[in-house]
Every structure is written in C-alpha cells, then in structure tokens.
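Let me begin by presenting the structure, written as structure tokens, before commenting on it.
The values are calculated or read from the model by the stated rules, or taken from the named source; none is laboratory data. Here the structure is a predicted model, which is why all the values come from computation and not from measurement. Please note: Cβ atoms are built from the backbone with ideal geometry, for glycine as well, and neighbour counts cover all protein chains shown. The accessibility values were calculated without ligands, DNA or RNA, using every heavy atom of the protein model including side chains. Shrake-Rupley method; radii C 1.70, N 1.55, O 1.52, S 1.80 Å.
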Amino acid sequence: MTAYDLPDARGHFGPYGGTFVAETLIAALDALKAEYAAARADPAFAAEFAHELKHYVGRPSPIYHAKRLSEQLGGAQILLKREDLNHTGAHKVNNCIGQALLARRMGKPRVIAETGAGQHGVATATVAARFGFECVVYMGAADVKRQAANVYRMKLLGAKVTPVESGSKTLKDALNEAMRDWVTNIADTFYIIGTVAGPHPYPMLVRDFQTVIGKECIAQMQAQFGRQPDVVLAAVGGGSNAIGIFHPYIPDAAVQLIGVEAAGEGIETGRHAAPLTANAPIGVLHGNRTALMQDADGQIIETHSISAGLDYPGVGPEHAWLKESGRAEYVAITDAEALAAFHTLCRTEGIIPALESAHALAQAIKVAPALPRDKLLLVNLSGRGDKDMHTVAEKAGIEL
Amino acid sequence: MSRIQATFERLAAQGKKALIPFVTAGFPRLDLTLPLLRELARSGADIIELGVPFSDPMADGPTIQRASERALSNGMTLKKVLEAVADFRRENTATPVVLMGYANPIEAMGAETFVAAAAAAGVDGVLVVDYPPEEVGDFARLLKTQALDPIFLLAPTSKPERFQWVAEHASGYVYYVSLKGVTGAGHLNVAEVAERLPAIRAAVGVPVGVGFGIRDAATAAAMAKIADAVVVGSRFIETLEAAEPGEECAAVARLVGALRLGVDSAG
C-alpha cells in the first residue's frame, strides 16, 4: 500500500471533502489553515497539547479487556478503549483542547460550537472555561429538550446555549447557525467544530487531534497483548472518534477497520442515520462533499437515531473515502441492537456506555461469537452513558 | 451579447444603475412564482435573482431561511423553478433571471442536466453560494458552454488575489457581499463598502452589484452611488410575509417602486 497522506492541499480525500462555503468564510478558513500549519510545525504546540491531554483530560485512557463479556459471548476477545474515562466523559474533549490552543494562538477571545447530544457542547464549554474564552453553543431546540442535563452543564461552565428553531431543530441546524455566527463575528471568533466534517481544514485538524486515541492503542496493544488487534470498531456519526482510532491503523493492512453507523429503526425503513451503509448519494453540505442522506431533489432529509450524537445526515469525508478505497468497511446497528448492547455492558462489566459507543459495541457483540477465542476486537468506547439515562429509561417505560 | 450584459449596457447608456430584487421561488406560494417574476419585471426590476430553496441555507439569515423552508414545504423543487423561468421567458425576453442557490440540489439533478435545462428555460446566470473559486471548477466552464453567466461573490474579507481570479472567470456581474454576515443582517456600513468597492470594480472588469443588508430607498441610493447594481432580498421576503393573501404582487410592486426611486436618485 502506498503511503496514505490525505487530504491533499485543497482538503480533498479522493472526490470527497473540499471547501464548499460562501466566499464570506474563505478568508477565515485560509487563516485557520495557515495557523494550523504553523502550529503543526511548532514543537511547543505539540508539547502543550500533550501536556493538557495528560494533566487536564487524564490521558492516556486505558484499554480494558472485557473478559466477562467475552466469556459470555464465547468467541473473540472484546477490548474497550476507554474514552469514556476522559474528563467530560467522551473523546470530544481531545479535539476541543487542540482547537482551543489554536484559538489562543490566533488571539480569538470568543469560541462557538454546535452540538447534538451536548457532548461536544460540554467539551467546548469546558475548555472555554479552562482557557478563559467567551463561549456560545448552538443546539437544535429539539435536542435542548432531549438533553436538559447537558444544557445545564454547559451553563454551569459559563457558556451561553442558544436553541436553534430552524429546520429539523437538530444537529445539522445547529451547525448552520454556528456557521452564520462565525461569518458575522469572524474577527474575534473561533469556531470549534466537533466532528471530522465541515470545510477544509476542519476534517483534517479534528482528525489529527483525535488520532491520539489510535496512537495510544498501538502502544498499549503492543504492551498488553504483544500485538495489534484483528479488528477495530467505532461508531460513526460525523465520525471523529472513529477516525481518531482508525487513522493510525490505516497503514497496517492486517487490522480490519469497521465503522458502525446508526441504522435507527432499520435501514429498510428509511428512518436511520447511515449514509454510507445505505449507499446514500454524494452531495454537498456544511462545507464538504460526502455521502449525504437526501431526497431526489437534493434536499437534506431528517435522520433518525436513538443516539443524538449519530443523528446526522452526512458523514466525515474521510470516511466516505475510506469506504470507497476499501480500507474500512461500514455497517449499521439499529436502535434496538444498540440499546441491548448498552444493557449488556452495564450488567457484565459495570460500564455504562454512551448510546453512540453502544453501536460499535453491538457490532462487536454480533460478530464475536463466530470468531475464534484468540481474535482481538478493539472497540472504541467513545463516551460514557450518564447523559443517556433519560433516553434509556424512557425506552423501558420508566419516568425518572 | 448576454441578456445581463445588454441590460448593464442599456442602463449605462441611460446613466442608470441596476436594481436587482431577490425572491425565493415557491414563496409564499408555488403559484405565485410566475406572477411575482412578472410583477418584478413590470414594476422596474432590471435583473431578477430567483432563489432556489435549499433545506440548509448556511449563508442566509433567518428571513430567507424561513422563505426556503416555506417554499420547500409548498413543494418547490429545482425542476419547478426551471419551469417557472421557462413560463416567464415565453412572455418576457428582456429581463435577465439569475438563479441563486446552493450546490446540492444542482448536484442531485446532475450539473450537466441542470445547465442544459437552465439554458433551455431561459436562465441567464447562476450563483451557487457554496461554490467558491476553490470548488467551482468544471461548473463555471459548463455554464459558459451554454452561454450562462457564472456569478461569483466577493466579500469584505476577500483578498485582492481573489479579485483577479474572479476577473478571469466571472461574466455578467460580480456580487459584492456588503457586510460580514448573512443575508438580511442589520449592520450595513456604507462608508466601509465605499472604501472597498473601487478596487474591486477596477479589478473585475464586469459590473459589480452590492447586496446583503440593503433595506430601503436610502441605503439603495447610497449603494447605487458607488456600485453598478443594488441587490435587495430579505426585504422582499419580509414584504411578502406581511402582505395579505392576494396583495403580494401589489406589495412587491410598491417596494420595487420605492427602491427604484432610491437607485435612480443616485444616477
């Protein structure tokens, strides 16, 4: 395999990615590209990022061998990369620290973010407090209702949460609104995008900040198991936790990479959030070209997933490319399967996973029994499930 | 000569500046698209920008976004927009129509299919908001094969080297975004635009229209003094929202009349 060095200088991963934004945003993206290039070449930046990840986030996150679960399944061994143990409870904070350091380098006193489930919003509000930035988080009005606890967390951390009433009132609309804020307040504002989507250079820099996950895995697997995993599995909405664990493994062709999308009520029902699995057509949204859930007229359609963090009609352009190139494969897990995996992990291992992460886990649970006991499945447990108590209880008919 | 170029030359000969209203196709009702085009032309619009509704209009403010949502729920599609232009063209061969929208509906139709259909319908120019010079590539070439004008945006933040690129690729006119913000924003600074515009007009070699945040005859007059054309969008949408059913065309005609006076006072 030739060296993998995507994206190209213009932010393309094969036919995907790019800079599909109005002229009004180009200068800001150019400035960000230049600053990031300088930061990348600056050892002090890397050192400070590493220091923050260690002392503030609590990295490295361990790889935990889920022995009871593996025993119960009777096949391959399931290993969990414990991103749920990070400060703020998910992988999102890795990227937020990186972008906050960039914002500080650029002298921006104000940061904005979009959020779906609220995890990226909480992570952004957290680093904003840590670095002393003013912070505004855009959140779909429907999500504000579904995620009241996270809204309160953001407010406790000093952020202003702005509900977005337009469109489907979910993540994609929050992203539109954040873009509008950015274009209006471009002089003093840094937009902290939470996933590997958006215009170049975001898919690249968010990926780079998240690859700490995969890099740690390579060292930890060697130290704990004397070898690398046979399969790496991760949930894919926009796809930042997945790209973070996949990317360092791309050159190692022996490691199978599986992205797990949200099949919602089932791919066949159309009520899902799985553009890659459903072979959605290529389109342009939020600054990049990628696989997109849309109708025949090119309008973006509403998606469905029990997990707000996966409830997004597009997918990071690099995932679209990894699928097309064959380096990674993409499957989908329904709400019901994810929920079952959620409960299984709670009871067998005493770990409450985020519903997003439960999708990746469900796929591992699905394939493990048929595999030999010496196979190693590494699941990115991207976040903890405390935020999902309400959703899970509601499904069980329990009112909290 | 393209209809857009002919329009600007005619206006220049009269010592006048162009008034370019924007309305969203399919708003407030599907069956008003053609009557509104007709009324805009009749009441004094020089060029009409017709918005193709998109579910995620990232560069638009709340007003045009609302209009897009309404238009889509009314059942407007790119195909129907082209049909409306074709209907308009059967009765009006003079007033240029520029489609303004986002890339995805065009890509869903297929760029080549769209360009051929737009040319056949009598569209004169196309502005795809999220095709900046970086990504427009083949699409601008494709438009030119059908004698359609690719319209590009320039912004207060655009660096001079981008003026050059636009000069090489644009035809018809260039749309200068008057402020850092979205359509319909309320913080237009005329002096700032006046400072930036001469360099842009000198560089691009085609007429320069100014839009975003122009709300009334006074701002239209101020902009017409320094630009070749004045684009007004959100104000038209607000006027349509406020109009009683059946009064939409009359309300739009009154607004065109008021803006026309402003623009012509600058001559």
Next on the checklist: Skipping prolines and chain starts, which residues have an amide H placed within reach, meaning under 5 Å, of the one on A:ALA328, given they are 5 or more residues away or on another chain?
Outcome noted: A:LYS323
Item to check | Backbone HN-Hα couplings from phi across the range B:228-235 [Karplus 6.51/-1.76/1.60, Hz, Gly and Pro as x] | outcome: 8, 8, 10, 9, 10, x, 4, 4
Next on the checklist: With an 8 Å Cα cut-off and a minimum separation of 6 or more residues, compute the relative contact order for the range A:49-184 in percent.
Outcome noted: 19 percent
Checklist entry - Ranked highest first by the average count of other Cβ atoms within 10 Å around their residues, in what order do A:147-154, A:327-334 fall? => result A:327-334, A:147-154
Item to check | Convex hull (Cα only) mean projected area of chain A, reported in nm² to one decimal | outcome: 18.2 nm²
Checklist entry - For chain B, what is the accessible area per residue in Å² when the probe is 1.4 Å? => result 36 Å²
Checklist entry - Given just the C-alpha atoms of chain B, how large is their convex hull per residue in cubic angstrom? => result 111 Å³
Checklist entry - Dipole size in debye (nearest 20) for chain B around its Cα centre, Lys and Arg Cβ +1, Asp and Glu Cβ -1? => result 580 debye
Item to check | Portion, in percent, of the accessible area of the protein assembly as shown that falls on carbon or sulfur, probe 1.4 Å | outcome: 54 percent
Next on the checklist: Tell me the relative contact order for chain A as a rounded percent, counting alpha carbon contacts under 8 Å between residues six or more apart.
Outcome noted: 20 percent
Checklist outcome for this item: Whole-Hz Karplus couplings 3J(HN,Hα) for the range A:160-172, θ = phi - 60° and coefficients 6.51, -1.76, 1.60, Gly and Pro as x, run 9, 9, 10, x, 10, 9, 8, x, 8, 6, 10, 3, 5
Checklist entry - If you wrap a convex hull around the Cα atoms of the protein assembly as shown, how much volume per residue is inside, in Å³? => result 151 Å³
Next on the checklist: Check which residues have an amide H placed less than 5 Å from A:GLU261's amide H, if you skip close sequence neighbours.
Outcome noted: A:VAL236, A:VAL331, A:ALA332, A:ILE333
Checklist outcome for this item: With the dipole of the range B:3-265 defined by +1 on each Lys or Arg Cβ and -1 on each Asp or Glu Cβ, the option from B:PRO207, B:GLY101, B:PHE27 whose Cα lies farthest towards the positive pole is B:PRO207
Checklist entry - Shape of the range A:253-313 from its Cα gyration tensor (a ≥ b ≥ c, root eigenvalues): rounded if a/c is under 1.5, otherwise prolate when a/b > b/c, or oblate? => result oblate
Item to check | At least 30 Å² accessible surface lost relative to isolated chain, residues of the range A:17-32 (1.4 Å probe) | outcome: A:THR19, A:PHE20, A:VAL21, A:ALA22, A:GLU23, A:THR24, A:ILE26, A:ALA27
Checklist outcome for this item: Mean other chain Cβ within 10 Å across B:123-133 is 4
Checklist outcome for this item: With x for Gly and Pro, the residue-by-residue ³J(HN,Hα) of the range A:7-13, computed from phi through the Karplus equation 6.51 cos²θ - 1.76 cosθ + 1.60 at θ = phi - 60° and given in whole Hz, is x, 6, 4, 9, x, 9, 10
Next on the checklist: Projecting each Cα onto the charge dipole of chain B (Lys/Arg +1, Asp/Glu -1 at the beta carbon, about the Cα centre), which of B:ALA266, B:GLY51, B:GLY61 comes out farthest on the positive side?
Outcome noted: B:ALA266
Item to check | Cα centre as origin, Lys/Arg/Asp/Glu Cβ charges: the range B:123-189 dipole, Debye | outcome: 200 debye
Checklist entry - Whose amide H sits under 5 Å from the amide H of B:VAL232, counting only residues 5 or more places off or on another chain, with H placed in the peptide plane? => result B:ILE20, B:PHE22
Checklist outcome for this item: Once accessible area is computed for B alone, A alone and the pair with a 1.4 Å probe, the total buried surface, to the nearest 100 Å², works out to 2900 Å²
Item to check | Mean separation of Cα contacts under 8 Å, 6 or more apart, over the residue count of chain B: relative contact order % | outcome: 22 percent
Next on the checklist: For a distance above 25 Å, tell me the whole-number percent of Cα pairs in the range B:101-253 that qualify.
Outcome noted: 37 percent
Checklist entry - Could you state the per residue volume, in Å³, of the convex hull enclosing the Cα atoms of the range B:159-226? => result 89 Å³
Checklist outcome for this item: Surpassing 24 Å at the alpha-carbon level, of the pairs A:LYS145/A:LYS323; A:LYS215/A:LYS323; A:LYS160/B:LYS180; A:LYS81/A:LYS387; A:LYS92/A:LYS172, are A:LYS145/A:LYS323
Checklist entry - Taking the Cα centre of chain A as the origin and placing charges on Cβ (Lys, Arg +1; Asp, Glu -1), which of A:ILE97, A:ASN279, A:MET389 is farthest toward the positive end of the dipole? => result A:ILE97
Checklist entry - Where the only charges are on Cβ atoms (+1 Lys, Arg; -1 Asp, Glu), what is the dipole of the protein assembly as shown about its Cα centre, to the nearest 20 debye? => result 1040 debye
